[in-house]
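Worksheet for the structure shown next.
The values are calculated or read from the model by the stated rules, or taken from the named source; none is laboratory data. The model shown is predicted, which means the values in this text are computed figures rather than measured ones. As a convention, Cβ positions derive from the backbone with ideal geometry for all residues, glycine included, and neighbour counts pool all protein chains shown.
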Amino acid sequence: MAVLDKILASCIPLVPKAFMRPLSLRYIAGESREDALARGRHLHDNSYLTTFDLLGEAVTNNSEIDAAAGEYKSLIQTLTDNGFPVNVSLKPTQMGLNISQDICFETVSSIVSLAQQQQGFVRYEMEESNTIDGTLAVFERLREAHQQNVGCVLQAMLFRTHDDAQRLLQSNPQQLNVRMVKGIYVEPESIAYQEMREINASYLKTTRLLLENGAYVGVATHDPLIVAGVEQILKDIPEAKERVEIQMLLGVQETFRRQTLDAGYKVRVYIPYGEEWHKYVTRRLKRNPKLARHALTGMFGKREKL
């Protein structure tokens, strides 16, 4: 299967962009803010929460940083003007982490400040393992400045994640907001679990730790085993249910998403958009070829009727 995944991933860049665009619209709202807003309105009308995500990462100069930050600020204003809850997600390297931690902090802080004025929230994402120390260093500064209006992401596949969670819990755990993910990047055996059962065990272990200590957790998953594991945690800590939401990606496992909502969970859908959609797709497939198979089967799979 791994060989097939690599073959599929290698073929994606050869597919004409004009052909890929309509197929990608299951997973990406479109190129414009208006496209994203239309998807968001549809989801809100059907009782879902939303997060808006401007595609882009690994910027190389200040003008790219300014452009991304400017779009996020315009997005926050657009959400406010249209009566949407302000909830956005951004990547550290999109905000200049690879250039300077100080630049990244100042840029993200300016976005969080604007969101904070609208009682909004900014998810400060996590990327490849070589960026984690810098990402968490900036997050600690953001958290000190903005408290519950900014949250981070932890990746269950990494050996270090449980310890990272323990460190984050040492300060104001009731104001800590963490999005738990399995991890999309291909990481070496020396630092990351490779077997799914180990990743799932790490995921649930860290989720339990966070909930036991008062943190809010965004359970980002399309895996019924993870949701079942969270259900067990909540049986043990029933008061924590108000501090849990299930988070899913646009266009993925839509029937399961509806079932999870109907089961009484808050469900948040991530809505990515932007002109960088083609680069985003090809980069993701290059870094993790198995996604090509999932994307291909999903494109022609049954859609949920909301």
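Right, GLU125: modelled with pLDDT of 95 or more, surrounded by fewer than 17 Cβ atoms within 10 Å (Cβ to Cβ) and not small (Gly, Ala, Ser) or not? Lay out the reasoning, then the answer.
Numbers: modelled with pLDDT of 95 or more: yes; surrounded by fewer than 17 Cβ atoms within 10 Å (Cβ to Cβ): no; not small (Gly, Ala, Ser): yes.
So GLU125 fails the test.
Got a number for residues in the range 34-58 being crowded, with 19+ Cβ neighbours inside 10 Å, in contact with a Gly (Cβ under 9 Å, 6 or more places away or on another chain) and part of a helix (DSSP H, G or I)?
So the answer is 2.
Can you tell me which residue within the range 223-263, out of those that are part of a loop (DSSP other than H, G, I, E, B) and modelled with pLDDT of 95 or more, is nearest to VAL153 (Cα to Cα)? Let's see the steps before the verdict.
Residues of the range 223-263 part of a loop (DSSP other than H, G, I, E, B): 223, 237, 250-253, 263.
Those left that are additionally modelled with pLDDT of 95 or more: 223, 237, 263.
Numbers: ASP223: 18, ILE237: 22, ALA263: 25 Å.
Of everything passing the filter in the range 223-263, ASP223 is nearest to VAL153 (Cα to Cα).
How many of the residues making up the range 48-64 are touching a helix residue (DSSP H, G or I) at 6+ places or on another chain (Cβ under 6 Å) and over 15 Å from GLN247 (Cβ atoms)?
Initial filter on the range 48-64 (touching a helix residue (DSSP H, G or I) at 6+ places or on another chain (Cβ under 6 Å)): 50, 52, 54-59.
If we keep only those that are over 15 Å from GLN247 (Cβ atoms) too, we end up with 54-59.
Within the range 48-64, residues that are touching a helix residue (DSSP H, G or I) at 6+ places or on another chain (Cβ under 6 Å) and over 15 Å from GLN247 (Cβ atoms) number 6.
Among the residues of the range 22-33, how many are in contact (Cβ under 8 Å) with a residue 12 or more places away in the chain, closer than 14 Å to GLY251 by Cα and in a helix (DSSP H, G or I)?
Of the residues in that region, 2 qualify.
Looking at GLU71, GLU127, GLU106, can you tell me which residue is among the acidic types (Asp, Glu), closer than 30 Å to GLU34 by Cβ and under 16 Å from the mean Cα position of the chain (by Cα)? Show your work before the answer.
Working: GLU71 fails: under 16 Å from the mean Cα position of the chain (by Cα); GLU106 fails: under 16 Å from the mean Cα position of the chain (by Cα).
On inspection, the qualifying residue turns out to be GLU127.
Scan the range 59-69 and give yes if some residue there is closer than 24 Å to ARG167 by Cβ, surrounded by fewer than 16 Cβ atoms within 10 Å (Cβ to Cβ) and among the acidic types (Asp, Glu), otherwise no. Working first, answer last.
The first filter runs over the range 59-69 and keeps only residues closer than 24 Å to ARG167 by Cβ, leaving none.
No, the range 59-69 contains no residue that is closer than 24 Å to ARG167 by Cβ, surrounded by fewer than 16 Cβ atoms within 10 Å (Cβ to Cβ) and among the acidic types (Asp, Glu).
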